[in-house]
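J.: Quick one: this structure, given as structure tokens, is what I'll be asking you about.
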Amino acid sequence: MVDSGTGLCLTERQLDERSAAATVQLRRRGVRAGDTVLICLGVGPDLLVATDAVIAAGGIVWPIPPELDAPRLRERMLASCARLMISDLPHALEAAKESRVRLVVSVADLRAYPAGREISTESDRAGP
Amino acid sequence: MSEPLRHNLPAEPNRFVGRERDVDELCGLLGETRVVTLSGVGGIGKTRLALRVAARSVPAYPGGVWLVELARLTRADLVVQELARVLGVHEEGARPLLDTVKGRLRGARCLLLLDNCEHLVDGCAHVAADLVASCHDLGILATSREPLRIASELIWRVPPLDLPDERHPDAESVRLFLDRATAAGTRLGEASRPDVVRLCRALDGLPLALELAAARTSLLSPGQIADRIGDRFSLLTTGGRTAPPRQRTLLAAVEWSHGLLSAKEQVLLRRLSVFAGSFDLELAEEICAERPIHRGEIVDLLGALVDKSLVLCDEERRRYRLLYTIRHFAAERLAEAAEGGTLRDRHLEVLCELQVRHFRTEMIEPAVPWPARLAALSASRALVDDQRAALDWAIESGNVRMGLRLCVHSTSLLPFSVNPAEIVGWMERLLALDLSDVPAERIAHAQAYLAYGLEGRDELGRALELATESLEGMGDDPFSACATRALQIMVLLRLGRADEAGELAEQIVAVATAAGDRWNEASGLAGLSAVALTRGRLREAQRYGEEALATARRHGHRWLLARIAIQLGAVAEARGDLVTAMAQYELAVPWLEEIGCDNELARCLARLGRVAAMLHDFGTAQRRLATSLSLSRQTGQRQGVARCLIGLSVLAEGRGDLESSVLAAASATTLRESIGQHAATLRIDELLTRARGKLGEGRTAALWACGRTMSPEEAARHVLTGDVAEQGPQDLPDGPGARDDRRGRGERPALTGPLVAEQPIRHSLLTAREREIATLLTRGLSNRAIAEELVISPATVARHIANIMEKLGYTSRAQIAVWAAEQGSA
């Protein structure tokens with residue numbers, strides 16, 4: 001896959017590897033078979049990885065186009081009843097406040113670091 | 001005796017409804033990550049959920065689960081103080097309290113529940129980040145409207161309760177509402193179901209809103225409530241119109257419930273917001289009875305507020321409190337009514353009166369039986385939260401006079417209760433204000449009190465200087481003057497200036513005896529005994545000590561009695577009468593336990609253990625030292641740990657285990673050096689000489705070197721579990737270490753259990769299909785290629801791989817490939 005924005009390529013092997021790692025991160029955060037998972041990401045390799053990972057974790061993918069305006073984002077998030085959302089976008093995070101999303105997982109969170117036992121979190125990067 | 005609690009979590013006030021999966025998941029997440037913050041608007045149930053998760057997690061944390069309620073604190077610098085108080089950690093001399101707390105938390109795996117961080121979020125974040133960075137087994141569960149924003153924090157957004165729909169008519173929100181309505185005595189039939197559903201939706205599943213609504217079902221039907229709260233939305237006053245929807249819903253519910261209160265109930269509710277933590281009826285009556293409320297009405301008004309779920313209380317209706325959200329709302333109403341200043345003045349005044357009364361009962365009044373003195377001490381300690389709030393107000397409003405009066409009469413702040421750092425902190429803040437209209441005597445008192453704190457922090461020079469200065473301005477208050485001289489004696493003896501101490505002690509005895517002041521008379525006599533002991537006049541020391549003890553018995557205070565018994569023990573030890581010494585130390589133990597003075601107790605038990613070892617009463621020695629060690633660790637006193645190691649060294653040598661004895665002595669030496677203490681090493685030199693004689697130069701040197709690098713825990717374990725063939729370490733009878741802990745904390749000596757073996761490397765738990773896929777991964781095949789090979793879909797392959805990773809604890813496909821290759825070649 002080629003990211004039309006950056007021209008970067010994601011090979012099939014990279015896709016398999018990244019989505020496998022991402023699946024582990026999702027499972028550790030409690031995603032179970034049959035769970036709806038929101039994905040609010042721009043079109044690109046991350047979207048593909050996230051989608052594969054959700055499916056591999058047994059979840060149901062509920063994509064939301066990030067271009068939507070705030071009320072419609074909120075409405076769809078609320079309608080999904082999802083417990084978890086994959087997104088990096090500030091306006092999506094804001095909209096999730098009025099939903100039932102418990103955890104927001106960023107793209108960086110999904111990249112496992114094989115050595116670590118601990119799970120990566122959204123504030124790792126916000127921290128000092 | 002029963003196992004002491006490993007947590008301080010309160011009992012649940014009513015049934016916990018719903019959120020089963022959330023609780024499960026959060027318990028799981030706590031095992032995976034260090035800091036979990038439950039965030040969300042007020043009233044959404046963060047605290048309740050956190051308490052539930054914490055209670056479920058108790059078995060996973062051998063070091064305990066400790067709730068730190070931050071709502072009662074007003075300033076961020078009290079966070080560490082409160083944490084230390086909850087954990088039972090005492091300040092160690094001049095070492096920063098946070099360092100001592102960290103030392104304690106490094107021991108065993110524990111979980112801290114930091115509840116309501118939002119108003120001190122920066123302070124909490126700072127402390128939490130520091131703790132997590134330096135204590136690797138520590139977990140933190142926080143509740144806060146705003147995240148802490150520290151590294152490794154997992155932000156968990158608490159949602160409202162599930163709302164009912166066609167498929168789930170019994171959603172969480174409905175269950176909660178019905179449960180609380182039933183508790184309020186209302187039985188709602190099937191017919192009201194559609195209205196209940198409408199109300200739950202209108203309240204957006206917010207637990208607090210649902211509880212407030214359910215409390216009114218005896219008067220209004222669910223349908224009526226839904227309509228009225230709906231109307232409230234348009235009437236929202238307190239800036240709520242621009243707030244996010246959930247906050248608006250909650251505000252509407254709170255305003256609606258408040259609006260239904262009688263005028264007097266409203267007045268009482270807003271006045272209750274001055275209390276920092278929980279309060280009892282008496283305190284509410286003292287402070288809130290002011291026009292238009294009569295003192296006698298308060299009990300009924302309070303009951304009415306409890307019935308409306310605006311005030312919470314325990315089952316016996318002894319302690320009341322406001323939820324953080326309600327307290328905040330009530331405080332706003334108080335400010336609107338322009339009653340804030342008056343009421344907080346009154347709060348300060350009443351606290352001051354109460355503490356002065358408790359202080360006098362505990363210390364000064366003659367012929368008060370001990371149970372009454374103890375009750376005064378406990379009552380004074382129970383006011384610590386409100387006292388902090390009152391002192392804050394004294395500083396904020398510039399009421400130095402009253403602030404100082406409150407401070408110097410607080411036994412709850414005395415060295416045997418709280419940390420000297422807090423005394424020093426308050427005093428320094430108060431004394432830095434404008435003192436022009438404060439009487440000189442009061443300033444002198446304050447300086448004497450500050451000197452107490454400084455002595456506790458080992459700032460002896462400054463303590464002595466201040467105490468001396470304060471005596472000049474003390475005026476006509478023989479009790480305080482004597483108590484200040486007693487402090488001077490303590491400092492002078494520590495500085496090796498026995499002559500001056502002796503003179504002061506004589507003065508105290510003369511003044512106190514004339515005034516019939518037993519406390520100071522006993523403490524003066526004890527001073528004379530201590531002075532005689534340092535001069536080697538043992539008979540004199542004994543005589544004064546006995547007189548002191550007799551006088552102290554007439555006063556009854558356990559602190560005084562225990563100190564003097566220990567003094568007499570030291571005198572007996574000095575003349576070589578170990579049997580008497582042991583008896584004197586034994587005497588002090590229950591007294592110190594009774595007033596919960598852990599520091600002094602640890603010291604006393606260590607002495608006891610050492611003397612018992614010297615008398616070859618090894619069973620007692622082992623028990624006493626193990627308890628002392630556990631207490632010293634719990635209170636974070638490294639000096640206490642070193643003292644125990646020395647005792648254990650004596651014990652080991654007595655039992656003929658010279659090797660362990662050297663190890664323990666070496667470890668103690670390292671520990672003492674690390675705290676900058678170079679105490680007398682005569683005993684250790686003698687021990688090493690004996691060891692060289694019996695074990696040889698080389699072996700002794702090797703043991704010493706080994707012990708120097710050994711952790712105190714390990715060295716202690718060597719002695720306690722060493723060669724005790726006749727008495728296994730697991731058979732340790734219950735010593736005072738297993739005593740009931742009055743403050744709901746404490747732990748058994750954790751050093752006697754066997755080490756848990758490392759988990760063996762996981763064997764293959766994989767299914768046949770998973771093994772097959774693992775093998776294909778070693779060939780570097782992609783998911784799609786594996787799918788083709790096995791004639792399954794790529795999604796299925798991905799799922800199998802996820803399962804393999806979970807079973808093996810891996811995070812990448814490459815790891816599986818390596819593992820599978822090793823398995824294949826093995």
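J.: Hey, does segment B:143-165 have a residue that's without any contact (Cβ under 8 Å) to a residue 60 or more places away in the chain, open to solvent by less than 10 Å² (accessible area, probe 1.4 Å) and of a type outside the set (Lys, Arg)?
T.: The initial filter retains those residues of segment B:143-165 that are without any contact (Cβ under 8 Å) to a residue 60 or more places away in the chain, namely B:149, B:151, B:163-165.
From what's left, open to solvent by less than 10 Å² (accessible area, probe 1.4 Å): B:164.
This time we only want the ones that are of a type outside the set (Lys, Arg), so: B:164.
Taking every residue of segment B:143-165 in turn, at least one turns out to be without any contact (Cβ under 8 Å) to a residue 60 or more places away in the chain, open to solvent by less than 10 Å² (accessible area, probe 1.4 Å) and of a type outside the set (Lys, Arg).
J.: Here is a further query. Only residues in segment A:64-90 that are in contact (Cβ under 8 Å) with a residue 40 or more places away in the chain count as the first member; pair them with residues that are part of a loop (DSSP other than H, G, I, E, B) and open to solvent by 50 Å² or more (accessible area, probe 1.4 Å), Cβ under 9 angstrom, at least 6 apart or cross-chain, and list the lot.
T.: A:CYS81/B:ASP162
J.: I would also like to ask the following. So is A:ALA82 within 10 Å of chain B (Cβ to nearest Cβ), closer than 22 Å to B:ARG167 by Cβ, modelled with pLDDT of 90 or more and not in a strand (DSSP E or B) or not? Even if it seems obvious, please write down each step before you answer.
T.: Working: within 10 Å of chain B (Cβ to nearest Cβ): no; closer than 22 Å to B:ARG167 by Cβ: yes; modelled with pLDDT of 90 or more: yes; not in a strand (DSSP E or B): yes.
The answer is no for A:ALA82.
J.: State yes or no: is B:ARG56 assigned to a loop (DSSP other than H, G, I, E, B), open to solvent by 30 Å² or more (accessible area, probe 1.4 Å) and more than 14 Å from every other protein chain (Cβ to nearest Cβ)? So that I can check it myself, show each step before the final result.
T.: Working: assigned to a loop (DSSP other than H, G, I, E, B): no; open to solvent by 30 Å² or more (accessible area, probe 1.4 Å): yes; more than 14 Å from every other protein chain (Cβ to nearest Cβ): yes.
In short, no.
J.: Any residue in segment B:506-520 that is outside any helix (DSSP H, G or I) sitting within a Cβ distance under 6 Å of a residue that is surrounded by 14 or more Cβ atoms within 10 Å (Cβ to Cβ)? List the pairs, counting only those 6 or more apart or interchain.
T.: B:ASP517/B:PHE479
J.: Exactly one condition in (1) over 30 Å from B:SER480 (Cα atoms); (2) in contact (Cβ under 8 Å) with a residue 60 or more places away in the chain; (3) crowded, with 22+ Cβ neighbours inside 10 Å; (4) not aromatic (Phe, Trp, Tyr) is not met by B:LEU312; state its number.
T.: Checking B:LEU312 against (1) over 30 Å from B:SER480 (Cα atoms); (2) in contact (Cβ under 8 Å) with a residue 60 or more places away in the chain; (3) crowded, with 22+ Cβ neighbours inside 10 Å; (4) not aromatic (Phe, Trp, Tyr), the one that fails is (3).
J.: Sticking with this structure for a sec: Which pairs have Cβ atoms under 6 Å, sit 6 or more apart or on different chains, and link a residue in segment B:481-502 that is closer than 26 Å to B:ARG442 by Cβ and small (Gly, Ala, Ser) to one that is part of a helix (DSSP H, G or I) and open to solvent by less than 50 Å² (accessible area, probe 1.4 Å)?
T.: B:ALA486/B:SER523
J.: Assuming B:VAL17 fulfils every condition listed in (1) touching a strand residue (DSSP E or B) at 6+ places or on another chain (Cβ under 7 Å); (2) in a loop (DSSP other than H, G, I, E, B); (3) of a type in the set (A, V, I, L, M, F, W, C) apart from one, which condition is it?
T.: (1)
J.: Considering only segment B:118-138, I want to know if a residue exists there that is closer than 22 Å to A:VAL101 by Cβ, away from every other protein chain (no Cβ under 14 Å) and open to solvent by 10 Å² or more (accessible area, probe 1.4 Å).
T.: Yes: one or more hits.
J.: Could you identify the single residue in B:ASP477, B:ASP458 that is without any contact (Cβ under 8 Å) to a residue 60 or more places away in the chain and of a type in the set (Asp, Glu)? Full working, then the answer.
T.: Values: B:ASP458 fails: without any contact (Cβ under 8 Å) to a residue 60 or more places away in the chain.
Unique residue meeting the criteria: B:ASP477.
J.: Moving to a separate point now. Looking only at segment B:758-784, count every residue that is within 9 Å of chain A (Cβ to nearest Cβ) and either at pLDDT below 85 or touching a Leu at 6+ places or on another chain (Cβ under 9 Å) (or both) and tell me the total.
T.: The qualifying residues number 3.
J.: Name every residue in segment A:67-93 that is touching a helix residue (DSSP H, G or I) at 6+ places or on another chain (Cβ under 7 Å) and open to solvent by 30 Å² or more (accessible area, probe 1.4 Å), in order of residue number.
T.: A:ALA70, A:ARG74, A:ASP88, A:HIS91, listed by residue number.
J.: Could you count how many residues in segment B:251-261 are within 17 Å of B:PRO160 (Cα to Cα) and open to solvent by 10 Å² or more (accessible area, probe 1.4 Å)? Walk me through it before giving the result.
T.: Our first condition is that a residue be within 17 Å of B:PRO160 (Cα to Cα); within segment B:251-261, this holds for B:251-254.
Still in the running and open to solvent by 10 Å² or more (accessible area, probe 1.4 Å): B:251.
Total satisfying the criteria: 1.
J.: Determine if segment B:400-408 includes at least one residue that is open to solvent by 20 Å² or more (accessible area, probe 1.4 Å) and under 25 Å from B:GLU69 (Cβ atoms).
T.: Looking through segment B:400-408, none of the residues is open to solvent by 20 Å² or more (accessible area, probe 1.4 Å) and under 25 Å from B:GLU69 (Cβ atoms).
J.: Could you count how many residues in segment A:45-66 are closer than 22 Å to A:ASP3 by Cα and open to solvent by less than 30 Å² (accessible area, probe 1.4 Å)? Walk me through how you get there before you give the answer.
T.: Step one: filter segment A:45-66 for residues closer than 22 Å to A:ASP3 by Cα, giving A:45-55, A:61-66.
Then drop every residue that is not open to solvent by less than 30 Å² (accessible area, probe 1.4 Å), which leaves A:45, A:49-50, A:53-54, A:64, A:66.
Number of matching residues: 7.
J.: OK, next. Only residues in segment B:15-35 that are within 8 Å of chain A (Cβ to nearest Cβ) and open to solvent by 10 Å² or more (accessible area, probe 1.4 Å) count as the first member; pair them with residues that are not charged (D, E, K, R) and not in a loop (DSSP other than H, G, I, E, B), Cβ under 7 angstrom, at least 6 apart or cross-chain, and list the lot.
T.: Pairs found: B:ARG34/B:VAL132; B:ARG34/B:GLY139; B:ARG34/B:ILE140.
J.: Which pairs turn up if I take residues in segment A:94-105 that are at the interface with chain B (Cβ under 7 Å from one of its Cβ atoms) and look for partners that are β-branched (Val, Ile, Thr) and in a loop (DSSP other than H, G, I, E, B) with beta carbon separation below 8 Å, at least 6 apart in sequence or on another chain?
T.: Qualifying pairs under 8 Å: A:ARG102/B:VAL158.
J.: For segment B:90-105, does any single residue satisfy the condition of being touching a Ser or Thr at 6+ places or on another chain (Cβ under 8 Å), open to solvent by less than 10 Å² (accessible area, probe 1.4 Å), aliphatic (A, V, I, L, M) and not assigned by TED's automatic domain parsing to the domain that holds B:HIS328?
T.: Going residue by residue through segment B:90-105, those that are touching a Ser or Thr at 6+ places or on another chain (Cβ under 8 Å) are B:90-92, B:102, B:104.
Then keep just the ones that are open to solvent by less than 10 Å² (accessible area, probe 1.4 Å); that gives none.
No, every residue in segment B:90-105 fails to be touching a Ser or Thr at 6+ places or on another chain (Cβ under 8 Å), open to solvent by less than 10 Å² (accessible area, probe 1.4 Å), aliphatic (A, V, I, L, M) and not assigned by TED's automatic domain parsing to the domain that holds B:HIS328.
Condition check ((1) assigned to a loop (DSSP other than H, G, I, E, B); (2) under 20 Å from B:ALA337 (Cβ atoms)) across all residues:
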{"residue": "B:THR249", "(1), (2)": "no, no"}
{"residue": "B:VAL274", "(1), (2)": "yes, yes"}
{"residue": "B:ALA284", "(1), (2)": "no, yes"}
{"residue": "B:ILE287", "(1), (2)": "no, yes"}
{"residue": "B:GLU290", "(1), (2)": "yes, yes"}
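J.: Moving on to the next point. Are any of the residues in segment B:195-217 among the aliphatic types (A, V, I, L, M), open to solvent by 50 Å² or more (accessible area, probe 1.4 Å) and either assigned to a loop (DSSP other than H, G, I, E, B) or within 20 Å of B:GLY18 (Cβ to Cβ) (or both)? Walk me through it before giving the result.
T.: Step one: filter segment B:195-217 for residues among the aliphatic types (A, V, I, L, M), giving B:196-197, B:199, B:202-203, B:206, B:208-210, B:212-215.
Now drop any that are not open to solvent by 50 Å² or more (accessible area, probe 1.4 Å), which leaves none.
No.
J.: Report the residue count in segment A:1-44 for those that are open to solvent by 50 Å² or more (accessible area, probe 1.4 Å), touching a residue at least 40 places away in the same chain (Cβ under 8 Å) and either at the interface with chain B (Cβ under 7 Å from one of its Cβ atoms) or part of a helix (DSSP H, G or I) (or both).
T.: Total meeting the criteria: 1.
J.: Out of all the residues in segment B:316-368, which are among the polar types (S, T, N, Q) and modelled with pLDDT of 90 or more?
T.: B:THR342, B:GLN355, B:THR361
Quick grid of which residues meet (1) touching a strand residue (DSSP E or B) at 6+ places or on another chain (Cβ under 8 Å); (2) of a type in the set (Gly, Ala, Ser); (3) open to solvent by 60 Å² or more (accessible area, probe 1.4 Å):
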position	(1), (2), (3)
B:ALA284	yes, yes, no
B:GLU297	no, no, no
B:GLU316	no, no, yes
B:HIS328	no, no, yes
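J.: Another question, then. For segment B:285-294, check the following and say yes or no: at least one residue is under 34 Å from the mean Cα position of the chain (by Cα) and small (Gly, Ala, Ser).
T.: Yes, segment B:285-294 contains a residue that is under 34 Å from the mean Cα position of the chain (by Cα) and small (Gly, Ala, Ser).
J.: Look at segment B:59-88 and say how many of its residues are open to solvent by 10 Å² or more (accessible area, probe 1.4 Å), under 11 Å from the mean Cα position of the chain (by Cα) and among the charged types (D, E, K, R).
T.: 2
J.: Next question, about the same structure. Among the residues of segment A:4-35, count how many are over 12 Å from the mean Cα position of the chain (by Cα) and closer than 17 Å to A:LEU47 by Cβ.
T.: Qualifying residue count, segment A:4-35: 16.
J.: Given the residues B:ARG535, B:ARG518, B:ARG457, which is the only one that is under 19 Å from B:ILE564 (Cβ atoms), open to solvent by 40 Å² or more (accessible area, probe 1.4 Å) and either at pLDDT below 90 or in the same structural domain as B:GLY398 (by TED's automatic domain parsing) (or both)?
T.: Values: B:ARG535 fails: either at pLDDT below 90 or in the same structural domain as B:GLY398 (by TED's automatic domain parsing) (or both); B:ARG457 fails: under 19 Å from B:ILE564 (Cβ atoms).
Answer to the selection: B:ARG518.
The values are calculated or read from the model by the stated rules, or taken from the named source; none is laboratory data. Treat the numbers as computed from the prediction; the structure is a model and nothing was measured. All Cβ positions, even for glycine, are placed from backbone atoms using ideal geometry, and neighbour counts span all protein chains on display. Calculation scope for accessible area: heavy atoms of the full protein, side chains included, ligands and nucleic acids excluded. Shrake-Rupley method; radii C 1.70, N 1.55, O 1.52, S 1.80 Å.
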